[in-house]
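**Student:** Just passing along the structure, written as structure tokens.
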Amino acid sequence: MKFELQHKDPRSNARAGLITTDHGQIETPIFMPIGTVASVKAVHQRELVEDIKAQIILGNTYHLYLRPGLDILEKAGGLHKFNGWERPILTDSGGYQVFSLSGTRKLSEEGALFRSHIDGSKHLFTPENVIETERIIGADIMMVLDECAPGDADYKYAKKSMEMTHRWLKRGMDHFKKTEPKYGYSQTLFPIVQGCAYKDLRQQSAEIIASYNADGNAIGGLAVGEPAEVMYEMVEVVNEILPQDKPRYLMGVGTPANILENISQGVDMFDCVMPTRNGRNAMLFTRRGIMNMKNKKWADDFSPIDPDSDSWVDTFYSKAYLRHLFVSKEYLALQIASIHNLSFYLWLVGEARKHIIAGDFAEWKCQILPIVSQRL
RNA sequence: GGGGAGAUACCAAAGUGGCCAACUGGGGCGGACUGUAACUCCGCUGACUUCGUCUUCGUAGGUUCGAAUCCUGCUCUCCCCA
């Protein structure tokens with residue numbers, strides 16, 4: 001994997017760049033739709049390419065390991081072959097499940113012992129076997145196993161957690177070097193900065209992560225309950241340390257406002273369930289603001305979902321029709337909302353990139369941020 | 001014509017003397033969701049001047065300290081037999 005830094009915004013830390021992988025290029029800043037179990041929920045591959053214009057999608061190690069399982073993935077020839085996605089794929093390591101499935105897992109120095117949410121069976125994830133799994137999945141960008149600590153963790157816990165994540169990082173990196181890609185194209189591994197909401201821990205972690213000189217670096221453990229201002233502050237501190245010439249991936253973020261603010265701080269890559277999950281729950285992010293499509297006020301609004309959009313669902317379907325589909329619990333509602341929200345997110349980062357290149361990102365951000373954040 | 005069952009909030013349906021402004025679903029309205037255990041979850045849903053008051057359980061009366069619940073008349077609905 002290669003990263004070329006193409007433009008820097010004069011009035012912020014925003015950057016435009018180009019990532020090159022064996023499955024093609026990614027223009028940054030970029031938003032990466034999440035396809036946890038080998039599918040971006042409610043969206044066809046064709047829509048992902050043609051309507052949403054996704055350049056890279058995510059898969060999840062924990063979920064794919066449980067289903068369909070490594071034997072099937074290996075027989076398929078990796079995830080790209082299995083789901084037909086020919087562009088780059090990034091896999092999360094299961095680190096987030098350490099956080100989200102905290103009720104059914106046990107952490108130790110060795111790794112994370114999970115109880116499957118599907119059948120209750122026990123599975124141990126270690127920094128090493130997660131690498132093996134991601135090799136079998138065949139992600140272009142793999143993530144190391146980390147502990148994503150909760151947003152309100154106290155200093156003592158945050159420090160202990162971070163230090164273990166660093167030890168896991170060393171083991172993961174070592175194991176990565178000892179193993180080879182399985183399908184003939186190259187794979188890379190991103191380390192993850194932790195440290196909760198503590199500046200000094202974030203700095204320490206960023207220094208350690210930077211020392212590995214990986215192809216790209218991730219910032220984890222944010223947007224897990226702390227205020228947005230704290231997240232921005234942590235990202236700022238970390239990005240002062242992470243290398244300029246490598247892409248920075250802020251994991252799991254976020255709202256349109258979060259994304260704009262963090263682009264401004266020098267983040268290049270984002271992923272979040274929000275456009276798809278909230279979309280399935282009738283929340284639409286548009287160029288004019290945020291709409292809850294279940295609200296009665298849309299019942300007789302026959303104007304297009306998002307008239308300024310060039311994604312066909314946005315001008316083809318009306319707000320009133322989409323509301324009707326949601327109220328009637330029609331599957332089509334989930335599809336339209338997911339396609340719409342993802343194309344909006346891709347549009348948002350694409351516009352950000354254009355304005356960074358044009359040199360007026362800061363002005364554009366000031367102007368658009370209140371609009372896309374407002375509730376309609 | 002004879003016999004039987006029943007009428008409860010927007011709908012369905014519990015409740016058969018005080019703990020009932022009334023269980024529970026559905027519907028309606030609103031909210032949440034940030035590296036996806038999520039087409040999920042959480043509120044509210046008689047009225048009002050809302051830590052309280054008022055009016056409700058087909059309808060008109062009655063019994064009782066107290067009735068959606070017991071009694072009587074009436075209206076309507078459904079089922080069975082002719």
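**Student:** Just checking, does the range A:266-278 include any residue being over 17 Å from the mean Cα position of the chain (by Cα), among the basic types (Lys, Arg) and over 20 Å from A:Arg353 (Cβ atoms)?
**Tutor:** The answer is no; no qualifying residue exists.
**Student:** Can you tell me which of A:Leu79, A:Leu73 is more than 16 Å from RNA strand B (Cβ to nearest atom), open to solvent by less than 10 Å² (accessible area, probe 1.4 Å) and not hydroxyl-bearing (Ser, Thr, Tyr)?
**Tutor:** A:Leu73
**Student:** For the list (1) over 26 Å from A:Leu342 (Cα atoms); (2) modelled with pLDDT of 95 or more; (3) open to solvent by 10 Å² or more (accessible area, probe 1.4 Å), I need the number of the one condition that A:Asn60 fails.
**Tutor:** (1)
**Student:** Quick one: would you say A:Ile89 is among the β-branched types (Val, Ile, Thr) and either in contact (Cβ under 8 Å) with a residue 24 or more places away in the chain or within 11 Å of RNA strand B (Cβ to nearest atom) (or both)?
**Tutor:** The answer is yes for A:Ile89.
**Student:** Hey, another quick one. Determine whether A:Leu260 is under 22 Å from A:Thr20 (Cα atoms) and within 15 Å of RNA strand B (Cβ to nearest atom).
**Tutor:** It is false that A:Leu260 is under 22 Å from A:Thr20 (Cα atoms) and within 15 Å of RNA strand B (Cβ to nearest atom).
**Student:** Checking the structure you have, find out if any residue of the range A:236-250 is closer than 18 Å to A:Asp146 by Cα, open to solvent by less than 10 Å² (accessible area, probe 1.4 Å) and part of a helix (DSSP H, G or I).
**Tutor:** Yes, the range A:236-250 contains at least one residue that is closer than 18 Å to A:Asp146 by Cα, open to solvent by less than 10 Å² (accessible area, probe 1.4 Å) and part of a helix (DSSP H, G or I).
**Student:** Looking for something part of a helix (DSSP H, G or I), open to solvent by 10 Å² or more (accessible area, probe 1.4 Å) and either among the aliphatic types (A, V, I, L, M) or more than 13 Å from RNA strand B (Cβ to nearest atom) (or both) - is there at least one such residue anywhere in the range A:222-229?
**Tutor:** yes
**Student:** Looking only at the range A:164-198, filter to residues that are touching a helix residue (DSSP H, G or I) at 6+ places or on another chain (Cβ under 6 Å) and open to solvent by 50 Å² or more (accessible area, probe 1.4 Å); which one of those is farthest from A:Lys81 (Cα to Cα)?
**Tutor:** A:Tyr198
The values are calculated or read from the model by the stated rules, or taken from the named source; none is laboratory data. Nothing here was measured: the structure is a model prediction, and the numbers come from that model. Backbone-built Cβ (ideal geometry, glycine too); neighbour counts: all protein chains shown. Just the protein is used for accessible areas: all its heavy atoms, side chains included, with ligands, DNA and RNA removed. Shrake-Rupley method; radii C 1.70, N 1.55, O 1.52, S 1.80 Å.
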